[in-house]
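Single-structure report; data block below.
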Amino acid sequence: MATQIMDFLTAQTDKLVLVGMLVLIVLSALQLAKMSRTNRQLKYLTEKLAGYLKAVLEDEEEEDAEEPQETEFVSRQEQNMREAIEQQKQQKKMKDAQVFDAVLSEIYP
């Protein structure tokens, strides 16, 4: 039985090599298609992340530009209002940071 198998393999070596090469070509083509799809997905995610970062940074720049240069307070009520607004800005920044962390953890687990 072993001699019959050896005789078959020796007689059909060229055909077996050809089949093996065809299998490798098909597997390589499948791998290239998968890599291409992954590349497209990464480009899409990168564009979305860049847009998100741009929006967040522009928002922070606008907030920094809106801050008044005066440090003199007219009344206690105005001082309390400014402190409340500043506290709201800090809470918004913390919330934005949490959202940003959540987005990054979704994209890059």
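The values are calculated or read from the model by the stated rules, or taken from the named source; none is laboratory data. From a predicted model like this one, the values you see are computed outputs, not experimental measurements. The accessibility values were calculated without ligands, DNA or RNA, using every heavy atom of the protein model including side chains. Shrake-Rupley method; radii C 1.70, N 1.55, O 1.52, S 1.80 Å.
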Of the listed values [x] 63; [y] 74; [z] 27, grab the one calculated as percent of Cα pairs over 24 Å apart from the structure here.
-> [x]
Filter the cross-link list 34/93; 34/95; 54/89 down to pairs whose alpha-carbon distance in this structure exceeds 29 Å.
-> 34/93; 34/95
Leaving ligands, DNA and RNA out of it, work out the accessible area of residue 25 with a 1.4 Å probe and give it in Å² to the nearest 10.
-> 110 Å²
Identify which of 53, 30, 42 has the largest mean-square fluctuation in a Gaussian network model of the chain, with springs joining Cα atoms closer than 10 Å.
-> 30
The extension gain from residue 92 to residue 31, computed as 0.36 nm times the residue separation minus the Cα-Cα distance, is 17.5 nm
Identify which of 29, 50, 11 has the largest mean-square fluctuation in a Gaussian network model of the chain, with springs joining Cα atoms closer than 10 Å.
-> 11
Accessible surface of residue 46 - all protein chains present, 1.4 Å probe, nearest 10 Å² | 80 Å²
Hydropathy first: keep DSSP H helices in the chain averaging at least 1.0 on Kyte-Doolittle, then drop any whose Cα extent along the axis falls short of 18 Å, and list what survives.
-> none
